[in-house]
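Visitor: My structure is below; once you've seen it, I'll send some questions.
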Amino acid sequence: MPKVKNWQLGREMDYRYDEAHPEWQFAAVFNINRCIACQTCTMACKSTWTFSRGQEYMWWNNVETKPYGGYPKFWDVKTLELMEQANPNGQRWNTATSDKEAPYGVYEGKTVFELSPKDRFALGYLPTDDEWQVPNLYEDNAVGPRGEENKYPKGGGLDEHGTWFFYLARICNHCTYPACLAACPRQAPYKRPEDGIVLIDQQRCWGYRRCVEACPYKKAMYRPETKTSEKCIACYPRIEGKDPLGGGVPIETRCMSVCVGKIRLQGLVKVDGNGEWAHDPENPLYYLVREEKVGLPLYPQFGTEPNIYYIPPRWVPRSYLHQMFGPGADHAIERYVMPSRKLLAVLQLFRATRTIIFRFEVIEGKKIGEANVNGKTLELFDDTVVGYDKNGKEAIRMNVLEPFHLRDEKYPNSI
Ligand code: SF4
Ligand code: SF4
């Protein structure tokens, strides 16, 4: 197989095809610390794209409760187990050094492509019908010790919790090296050169389900009515700026723009001639992922270079987060609980506007207070963050200090 560069793994890896990269890449950062599992995202997607016959079990966006929940059932545990069987004790990282080329160190294990059986292009499995039937099994089921240890941390710290769960919102990752695309004998899945969105050509698809089998995130789904596979299309008319709501500029997908918990920030990042994200520290996604390294890929060891990034939940045991997000989890949590002025300002952009922000700037404001975080002093400033759309026009202006509105006495709370 040809060799391609996977920056998330800090090394080259095997892939079915040679390097070929889009001009821009669709990407997003999800802040897990804020998700409330309201499922508004899930229903926004379903009511837009998957309400027709044969799509009943199709949830292109889903939100599962970790560690037990998953859609399809146990999708990640099953893939991790397959990888473990094929390469026992192999999922290891060398974190002795890290640099721009290998920000999380070097993955020394093997990816789903490198563990592929001889008659396939990626290691995978086909979920059973039963596994697709219940999208939200184990909702709110926590794990952890009971009794004395089952307590919140003392002293107002932001420590790991003894008993824990968290919500993991998921869509297709519009991977840089999609396993769905590598697996298909008909070349039905393709990656758009303009924005990196991965689609399945419904005319070319003959329903072999190799994409369903190969996608380690199980985000390609089979539709028996049409005998073809379908997947998240990243609401591409909105990304193209063709939705009338956008006024001619790119706007966020349905699932992103409805998010009640304000956990999501989505956009497009420029890709350079080598297939890397072009250096662009004023793009909020580039800043969060490549500069602050607070947004991390989901199961980077799979090897597809997913483009949905996560700010990990700070209360969850680190060993679990290392497996799910790689060795960058400690650094990401450290930055998130003790944010720089700039990071705190950029975090205000999450769900502040549906217009895609291509550039931001921070205008410094006055000091408004201090907080004690795990024994360290965090200074807080009322800085202003300004976001600009694709044409460089101001789309949003947010302050760190939220405005305070006093309800007039003549409008008492009637609830
Ligand atoms: S809309 Fe936002 S807060 Fe609600 S479940 Fe989806 S990602 Fe979580
Ligand atoms: S998440 Fe799965 S379906 Fe989406 S691009 Fe990656 S491999 Fe393909």
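Visitor: Relative contact order for the chain using alpha-carbon pairs under 8 Å, separation at least 6, rounded to a whole percent?
Guide: For the chain, the relative contact order is 19 percent.
Visitor: Still on this structure: For the range 277-408, what size does the Cα cloud have along each of its three principal axes, sorted from largest down, in whole Å?
Guide: Answer, in whole Å and largest first: 51, 43, 30 Å.
Visitor: Something else about it: Would you mind computing, in nm to one decimal, how far apart the modelled labels at GLN133 and LYS366 are, each placed 7 Å from Cα along Cα→Cβ?
Guide: About 6.3 nm, to one decimal.
Visitor: If you don't mind, there's one more thing I want to ask. So what is Rg over Rh here for the range 1-118, counting just Cα atoms and using Kirkwood for Rh?
Guide: My calculation puts Rg/Rh at 1.02.
Visitor: Show me, for the range 131-142, the HN-Hα J-couplings you get by feeding each phi into the Karplus relation (A = 6.51, B = -1.76, C = 1.60, θ = phi - 60°), rounded to Hz, glycine and proline as x.
Guide: 5, 8, 7, 10, x, 10, 5, 6, 4, 6, 7, 8
Visitor: If you don't mind, there's one more thing I want to ask. If you take the square roots of the eigenvalues of the alpha-carbon gyration tensor of the range 60-207 and sort them as a ≥ b ≥ c, do you get rounded (a/c under 1.5), prolate (a/b over b/c) or oblate?
Guide: Taking the square roots of the gyration eigenvalues as a ≥ b ≥ c, the range 60-207 is prolate.
Visitor: Work out, step by step, the length gained on full extension between THR95 and GLN203: first 0.36 nm times the residue separation, then minus their alpha carbon distance; give nm to one decimal.
Guide: That pair, THR95 and GLN203, stretches by 34.4 nm at full extension.
Visitor: Springs between alpha-carbon atoms under 10 Å, Gaussian network over the chain: tell me which of LYS66, LYS227, LYS118 tops the mean-square fluctuations.
Guide: Largest GNM mean-square fluctuation: LYS118.
Visitor: Moving on to the next point. Give me the extension gain from VAL260 to SER319: residue separation times 0.36 nm, minus the current Cα-Cα distance, reported in nm with one decimal.
Guide: Once the chain is fully extended between VAL260 and SER319, it gains 18.3 nm.
Visitor: Based on the inverse mean of 1/r over its pairs of different Cα atoms, what is the Kirkwood hydrodynamic radius of the range 149-264, in Å?
Guide: In the range 149-264 this quantity evaluates to 16.9 Å.
Visitor: As a check on your grasp of the helix formula, calculate [θ] at 222 nm for the chain: sum -39500 (n - 2.57) over DSSP H runs of n ≥ 4, divide by the residue count, round to the nearest 500.
Guide: -4000 deg cm²/dmol
Visitor: Follow-up. Could you state the angle between the C-alpha long axis of helix 40-49 and the longest principal axis of the C-alpha atoms of the chain, as a value from 0 to 90 degrees rounded to the nearest 10?
Guide: That works out to roughly 40 degrees.
Visitor: Pop a pseudo-label 7 angstrom from the Cα along the beta-carbon direction at both ASP18 and ASN399 and give the gap in nm to one decimal.
Guide: Taking the two extended label points, one gets 5.6 nm.
Visitor: Can you give me the angle between helix 75-86 and the longest principal axis of the chain, using Cα atoms only, in degrees from 0 to 90, rounded to the nearest 10?
Guide: Computed tilt is about 50 degrees.
Visitor: If you don't mind, another one. Could you work out the local net charge near ASN31, counting Lys and Arg as +1, Asp and Glu as -1, over the other residues with Cβ closer than 9 Å to its Cβ?
Guide: +3
Visitor: Over the Cα atoms of the range 348-415, what Rg and Dmax result, in angstrom?
Guide: 16.5, 45
Visitor: Would you kindly calculate the mean projected area, averaged across all directions, of the convex hull enclosing the Cα atoms of the range 3-339, in square nanometres?
Guide: If I average the Cα hull's projected area over directions, I get 17.6 nm².
Visitor: Using only the alpha-carbon atoms, what does the range 257-307 span along each of its principal axes? Please give whole angstrom values in decreasing order.
Guide: Rounded to whole Å, the extents work out to 37, 29, 19 Å.
Visitor: Once the dipole of the chain is set up with Lys and Arg at +1 and Asp and Glu at -1 on Cβ about the Cα centre, which of LEU378, ALA278, TYR17 lies farthest towards its positive end?
Guide: TYR17
Visitor: Choose one answer from ARG341, ARG120, ARG53: the residue with the largest mean-square fluctuation in a GNM of the chain with alpha-carbon springs under 10 Å.
Guide: Between ARG341, ARG120, ARG53, it is ARG53 that shows the largest mean-square fluctuation.
Visitor: Okay, moving on. Of the chymotrypsin sites (Phe, Trp or Tyr not before Pro) in the range 1-107, which ones lie in a loop per DSSP and count no more than 12 other C-beta atoms within 10 Å?
Guide: PHE51
Every read-out reported here was derived from the displayed coordinates using simple, explicitly stated rules and does not represent laboratory data. Every value quoted in this text rests on a predicted model; they were computed, and no experiment measured them. Note that we place each Cβ from the backbone using ideal geometry, even for glycine, and neighbour counts take in every protein chain shown.
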